[in-house]
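Engineer: Here's a structure for you.
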Amino acid sequence: MGSNPTGTARKTPCCIVRGGTSKGVFFYEKDIPPAGPERDRFLLKAMGSPDVRQIDGLGGADALTSKVAIIGPPTHPDADINYTFAQVDLTRPIVDYIGNCGNISAGTGLFAVQENLLPVNDPVTKVRVYNTNTQKILNIYIPCRDGLAEESGDYAIDGVPGTSAQIKLDFSLTAGSASGQLFPTGKRADTWDIPGFGPLEVSLVDIANPVVFVRAGDLKLSGRETPREVDSNPVLLELLENIRGIGAQHCGLAGHPAEARIKSPANPLVSFVSKPRDEELKQGVNLVSRVMFMQYMHKTYSGTAGTCTGAAAYIPGTVANECAVLNGEKFGIGHPMGIMHIDMRVECSGDNVNIKMASFGRTARRIMDGTVYTMP
């Protein structure tokens, strides 16, 4: 490859990191334009959006691989790094900064250790990450050996081939991430009048990211639909987006439900849940769920949605709690590609809810270091 490429393109250092079941492009804050329209234009060009194939950029032509992590020095006294998450739309010139991504968060902890952004301790380094999107602290635990991040291990997550070292994430301090309240409507369950459908009981819960929970059966679904089955059903997609739009309005993310697709395309998420069958219970599934992300079904399950689902399942009075079968602090969510495991400890006393633990395991791997060239 030539050492002196054309000088018409902007040259920006970056790396690509897989975090959990997602993949993102990581930038240092100092290397990219400041927050605002210029930054958005840069990220769209870097990822190759808007274009469903993202053929002219680094995006992977999937919402789960069209993500960006922006890393900077800490602005919170209890943090080691700042982390801003950006979801880059594939087909529209939209960069969404509302909410966080739990999978990409795992990559930020690994990145911080690999870049020597904090002292490294064996056998585990705790990375305190300040997520600027939600203004919450995430504690991420990176296994280390001889002062380096451990790469090999026997931990597997459904949706990612092979095994690696387990990274633990604790999201227990992230209640009210988007709305400022664990229950944005003030209730554990509500009945909403959904356009074209009618009354529907829902629970809107906000921890890590806000999620609207509905019973799969109330939507005349089994709860075990595949992404292809849901994504090929435009009537169902419109119904789920209408539900999501009302949730966005309740969270203060959109002034009207119809604005949610533009103003907050990623949050809240929508989860339709169902009780596990006997064979699923034996496999460690405590709740079956499918979650909608960026107007389509998530192919696995997002880390933030998993945290919110786990919390909602342990809170009496929610739709998720009604459908869950609980047996201690180990909680398994059945999703399209397997099971996501969450360690949950929730204390409820009357109207008071205290999330004591919301921890889950991920793996992460740095895939590439390099330079992205973006045209003016």
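The values are calculated or read from the model by the stated rules, or taken from the named source; none is laboratory data. Because the structure is a prediction, the values reported are computed rather than measured. Positions of Cβ are generated from backbone atoms using ideal geometry, with glycine treated the same way; all protein chains shown enter the neighbour counts.
Engineer: Just to check your reading of the model, which residue among 259, 201 is closer than 17 Å to residue 315 by Cβ, surrounded by fewer than 16 Cβ atoms within 10 Å (Cβ to Cβ), in contact with a helix residue (DSSP H, G or I) (Cβ under 8 Å, 6 or more places away or on another chain) and of a type outside the set (A, V, I, L, M, F, W, C)?
Structural biologist: 201
Engineer: Please find, among 9, 61, the residue that is among the aliphatic types (A, V, I, L, M) and either farther than 26 Å from residue 228 by Cβ or crowded, with 19+ Cβ neighbours inside 10 Å (or both). Let's see the steps before the verdict.
Structural biologist: Details: 61 fails: either farther than 26 Å from residue 228 by Cβ or crowded, with 19+ Cβ neighbours inside 10 Å (or both).
Just a single option satisfies the conditions, and that option is 9.
Engineer: Kindly state which helices (runs of 4 or more DSSP H) lie completely within the stretch 269-376 and contain at least 3 residues that are surrounded by 21 or more Cβ atoms within 10 Å (Cβ to Cβ).
Structural biologist: Here the list reads 303-313, 319-323.
Engineer: Out of 244, 261, which single residue is touching a strand residue (DSSP E or B) at 6+ places or on another chain (Cβ under 7 Å), of a type outside the set (Asp, Glu) and assigned by TED's automatic domain parsing to the domain that holds residue 304? Steps first, answer last, please.
Structural biologist: On the way: 261 fails: touching a strand residue (DSSP E or B) at 6+ places or on another chain (Cβ under 7 Å).
The unique qualifying residue is 244.
Engineer: Still on this structure, please answer the following. Take the residues in the stretch 123-171 that are of a type in the set (Lys, Arg) and more than 20 Å from the chain's Cα centre (by Cα); name whichever of them is farthest from residue 305 (Cα to Cα).
Structural biologist: Within the stretch 123-171, the first condition is being of a type in the set (Lys, Arg), and the residues that meet it are 126, 128, 136, 145, 168.
From what is left, the residues that are more than 20 Å from the chain's Cα centre (by Cα) are 126, 145.
Details: 126: 23, 145: 31 Å.
Applying the filter and picking the extreme gives 145.
Engineer: Something else: Hey, any hits in the stretch 26-48 for a residue that's buried (at least 20 other Cβ atoms within 10 Å of the Cβ), within 15 Å of residue 107 (Cβ to Cβ) and either at pLDDT below 95 or β-branched (Val, Ile, Thr) (or both)?
Structural biologist: Among the residues of the stretch 26-48, not one is buried (at least 20 other Cβ atoms within 10 Å of the Cβ), within 15 Å of residue 107 (Cβ to Cβ) and either at pLDDT below 95 or β-branched (Val, Ile, Thr) (or both), which makes the answer no.
Engineer: Could you please let me know if residue 239 is modelled with pLDDT of 95 or more and either of a type in the set (Val, Ile, Thr) or closer than 30 Å to residue 327 by Cβ (or both)?
Structural biologist: So residue 239 fails the test.
Engineer: Sticking with this one: Give me the pairs: first residue in the stretch 204-227 and farther than 25 Å from residue 359 by Cβ and in contact (Cβ under 8 Å) with a residue 24 or more places away in the chain, second residue aliphatic (A, V, I, L, M) and assigned to a loop (DSSP other than H, G, I, E, B), beta-carbon distance under 6 Å, and six or more apart or on different chains, which are they?
Structural biologist: 223/216
Engineer: Residues to consider are 191, 185, 174; find the one that is under 28 Å from residue 117 (Cα atoms) and either at pLDDT below 95 or β-branched (Val, Ile, Thr) (or both).
Structural biologist: Result of the check over 191, 185, 174: 174.
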